[in-house]
Amino acid sequence: MNIVVLVKQVPDTWSERKLSDADHTLDRASADAVLDEINERAVEEALLAKEAQGGEVTVVCMGPERANEAIRKALSMGADSAVHVSDEALHGSDAVQTARTLAAAIGTLESVDLVIAGNESTDGRAGAVPAMVAELLGWPQLTYARKLDTDGQSVSIERESDAGVATVEANLPALVSVTEKINEPRYPSFKGIMAAKKKPVSTLSVADVGLSADEVGLGSAPTQVVSSAPAPPKEAGVKVTDEGEGGVQIVEFLSGQKLV
Amino acid sequence: MSEVLVLVDHAAGEVRKVTLELLTAARRLGEPAAVVVGESGTAGKLADSLTAYGASKIYVAESAEAGQYLITPQVDVLASLVSSAQPAAVLVPASIDGKEIAGRLAVRTGSGLLSEAVDLDAEGVAAHSLFGGAYQASAKATTATTVVTVLPGSVEAEAASGAGEQVTAEVPAQDAGRAATVTGHQPAEAGDRPELTEAGVVVSGGRGVGSAENFAVIEKLADSLGAAVGASRAAVDSGYYPPQFQVGQTGKTVSPQLYVALGISGAIQHRAGMQTSKTIVAVNKDPEAPIFDIADYGMVGDLFKVAPQLTDEVEKRKS
């Protein structure tokens, strides 16, 4: 079974995140970059499927050269190889263009049965890229999985959403996105870390995946950020210490705001 | 004036509040047309509410398959309406399903996608709150139609009567090779409390609550205020409260009129899910807790003393 895992390098949520002043794109230099946590769970699920069914796990990542670190992390967990789409032309691509690039990269691989992604990145939070990749591949999407089963022919998941838990099934090939409840990802072993250094990573340009430079990137994005700025600091509110009447004082505040 | 399509979010024969918010936003951009995708007989029950919030048209797309496949029936209906009606925009709730429907629709129709808008103006420029509220941006699409997901609770719904003309729309037959089948469904337990993302008031507990049993204090306050109950990731990870109530980066994003945080320190991961709340009240025994930086009213104290007194006082004022 050939499994692709989509991974993304994101600014660590613990560091300060901002957009660049020049073109409103993510300021990648200002923050520590890490493999997005949800992707570790996607890699783990792919490894579990491989262990049960046999096959290969390929990591697919779009991002600047530095994203190599995120790819190595996935390889050190046990993925077999990686495709890294890295091209200056991609700078400033929006969610639709990102999905196009990822789908095109998947298209360069032979007979992929299953694509596994995280449900939503911690930086962009569009929550739509997995669904868009499925649309572009013309495949069924089984998203927000908290449990995944596959026999190599079909796939079944438990999908947890606002509406409850649904059982969703489809034939392969298909795309699955996972939530943080799916598993506990393994830690890379020392052996895994050493082995990852020798695993094949093919770096592809936009042209290599069959797209032209004017289909991606800031200039041709179907959406444009018009302005961006740090949020104005919230006006300091009132802070009082409870002297025994704290609950009553809060109600008085709420009453003043017409909230009770 | 061009049409603006609004995908109707409905459950158990009722329009969810976010749909009325979307219809309100749609009126700024053009003529709002509600799109109902569901099983036979769905639209009839929803028509009055949609008309009361300004829907000039109601596209009725009913089919048994609507509930049997995941996401794709809604995408197919909207895509076909985008090509026939050429709307200025398609507004979809920024829910789990809504974001995916919007994503597929944008790809299929070649439209720009604006995600998690917190406001929308007459020119189709959307306001966004990024990185847990630390950053703001506004964005627009350069395409003929813009697909926008709008965060529930961010636009105030205003009634306005519309013509509500019902127009039948086809639900294209689903291709089992390209779509995923829903074979079972276990609805979320609908308790007596309002749904988290729809509630006007949310009362949340964090690590400071200390145990699952102690969450009763949070629930009692929530019930006195007619509020939904939320929990921080720390409280969920400690097993104090079920995961579907988690507010924050990896949980739900809420934007209520009033957010009451009890025993929550206010880590960036939590703030990401609640910072756009209109009024924030926090109770924490640590005077240095970061939640106080964003609270409109902060109470340094023991939540087990303050919350019950608060509950009693609210009850007293009600009677």
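The values are calculated or read from the model by the stated rules, or taken from the named source; none is laboratory data. Nothing here was measured: the structure is a model prediction, and the numbers come from that model. Here Cβ is always computed from backbone atoms with ideal geometry, including for glycine, and neighbour counts include all displayed protein chains.
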Item checked: Matching strands (runs of 3 or more DSSP E) fully within the stretch A:1-67 where at least 2 residues are more than 23 Å from B:Leu130 (Cα to Cα) -> A:2-7, A:56-62
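Let me confirm something: among A:Asp36, A:Asp94, which residue is touching a Leu at 6+ places or on another chain (Cβ under 8 Å) and among the acidic types (Asp, Glu)? Outline the logic, then answer.
Details: A:Asp36 fails: touching a Leu at 6+ places or on another chain (Cβ under 8 Å).
That would be A:Asp94, the only listed residue that is touching a Leu at 6+ places or on another chain (Cβ under 8 Å) and among the acidic types (Asp, Glu).
Give the number of residues within the stretch B:21-37 that are in contact with a strand residue (DSSP E or B) (Cβ under 6 Å, 6 or more places away or on another chain) and under 17 Å from A:Asp162 (Cβ atoms). Reasoning before the result, please.
So the first thing to find is which residues in the stretch B:21-37 are in contact with a strand residue (DSSP E or B) (Cβ under 6 Å, 6 or more places away or on another chain), and the list is B:22-23, B:25-26, B:29-37.
From the residues that got through so far, the ones that are under 17 Å from A:Asp162 (Cβ atoms) too are B:22, B:37.
Residues flagged as in contact with a strand residue (DSSP E or B) (Cβ under 6 Å, 6 or more places away or on another chain) and under 17 Å from A:Asp162 (Cβ atoms) within the stretch B:21-37 amount to 2.
Look through A:Ala134, A:Ala163, A:Ala195 and report the one residue that is aliphatic (A, V, I, L, M) and more than 9 Å from chain B (Cβ to nearest Cβ).
Just a single option satisfies the conditions, and that option is A:Ala195.
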Note to self: Quick check on B:Pro87: is it closer than 18 Å to B:Ala169 by Cα, crowded, with 20+ Cβ neighbours inside 10 Å, touching a helix residue (DSSP H, G or I) at 6+ places or on another chain (Cβ under 8 Å) and not aliphatic (A, V, I, L, M)?
What the structure shows: yes
Notebook entry, point to check: Looking only at the stretch A:156-212, which residues are over 28 Å from A:Leu90 (Cβ atoms) and in contact with a Pro (Cβ under 6 Å, 6 or more places away or on another chain)?
Noted result: A:Gly164, A:Ala170
Margin query: Based on this model, can you work out whether A:Val176 counts as touching a residue at least 24 places away in the same chain (Cβ under 8 Å) and either acidic (Asp, Glu) or facing another protein chain (nearest Cβ under 9 Å) (or both)?
Written below: no
Note to self: Name the single residue that is farthest from A:Arg100 (Cα to Cα) among those in the stretch B:58-81 being in a helix (DSSP H, G or I) and either away from chain A (no Cβ under 14 Å) or modelled with pLDDT under 95 (or both).
What the structure shows: B:Ala64
Check: If you scan the stretch B:1-53, which residues turn out to be of a type in the set (Val, Ile, Thr), part of a helix (DSSP H, G or I) and touching a residue at least 40 places away in the same chain (Cβ under 8 Å)?
Finding: B:Val18, B:Thr19, B:Thr24, B:Thr51
Item checked: Candidate set: the stretch B:132-146, residues that are in contact with a helix residue (DSSP H, G or I) (Cβ under 9 Å, 6 or more places away or on another chain) and closer than 26 Å to B:Val247 by Cα; chosen: the one farthest from the other protein chains (Cβ to nearest Cβ) -> B:Gly132
Checklist line | Wholly within the stretch A:123-200, strands (runs of 3 or more DSSP E) carrying at least 2 residues that are at pLDDT 95 or above and under 20 Å from the mean Cα position of the chain (by Cα) | finding: A:141-150, A:154-161, A:174-178
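For A:Gly192, are the conditions met, namely being under 30 Å from B:Leu221 (Cβ atoms) and not β-branched (Val, Ile, Thr)? Step through it out loud before you land on a result.
Details: under 30 Å from B:Leu221 (Cβ atoms): no; not β-branched (Val, Ile, Thr): yes.
Judged against the criteria, A:Gly192 is not a match.
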Check: How many residues does the stretch B:94-131 contain that are among the aliphatic types (A, V, I, L, M), over 22 Å from A:Ala231 (Cβ atoms) and at the interface with chain A (Cβ under 7 Å from one of its Cβ atoms)?
Finding: 5
Margin query: Among the numbered criteria (1) surrounded by fewer than 16 Cβ atoms within 10 Å (Cβ to Cβ); (2) of a type outside the set (D, E, K, R); (3) more than 8 Å from every other protein chain (Cβ to nearest Cβ), which one does A:Val155 miss?
Written below: (1)
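Scan the stretch A:202-217 and give yes if some residue there is under 21 Å from the mean Cα position of the chain (by Cα) and of a type in the set (Asp, Glu), otherwise no. First the steps, then the outcome.
Of the residues in the stretch A:202-217, the ones under 21 Å from the mean Cα position of the chain (by Cα) are A:202-206, A:209, A:216-217.
Filter once more, so that each one left must be of a type in the set (Asp, Glu): none.
No, there is no match, as no residue in the stretch A:202-217 is under 21 Å from the mean Cα position of the chain (by Cα) and of a type in the set (Asp, Glu).
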Next item on the list: Please enumerate the residues belonging to the stretch B:84-122 that are of a type in the set (D, E, K, R) and in contact with a strand residue (DSSP E or B) (Cβ under 7 Å, 6 or more places away or on another chain).
Entry: B:Asp97, B:Lys99, B:Glu100, B:Glu116, B:Asp119
Notebook entry, point to check: Residues B:Ala235, B:Ala199: which one is modelled with pLDDT of 95 or more and under 24 Å from the mean Cα position of the chain (by Cα)?
Noted result: B:Ala235
Notebook entry, point to check: Which number in (1) touching a residue at least 60 places away in the same chain (Cβ under 8 Å); (2) within 29 Å of B:Ala117 (Cβ to Cβ); (3) surrounded by 22 or more Cβ atoms within 10 Å (Cβ to Cβ) marks the one condition that B:Ile218 misses?
Noted result: (2)
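If only one of B:Glu213, B:Glu219 is assigned to a loop (DSSP other than H, G, I, E, B) and not hydrophobic (A, V, I, L, M, F, W, C), which one is it? Break it down stepwise before answering.
Values: B:Glu219 fails: assigned to a loop (DSSP other than H, G, I, E, B).
Just one listed residue meets the conditions, B:Glu213.
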Notebook entry, point to check: So which residues in the stretch A:19-68 are without any contact (Cβ under 8 Å) to a residue 24 or more places away in the chain and either touching a helix residue (DSSP H, G or I) at 6+ places or on another chain (Cβ under 7 Å) or charged (D, E, K, R) (or both)?
Noted result: A:Asp21, A:Asp27, A:Asp32, A:Glu51, A:Glu65
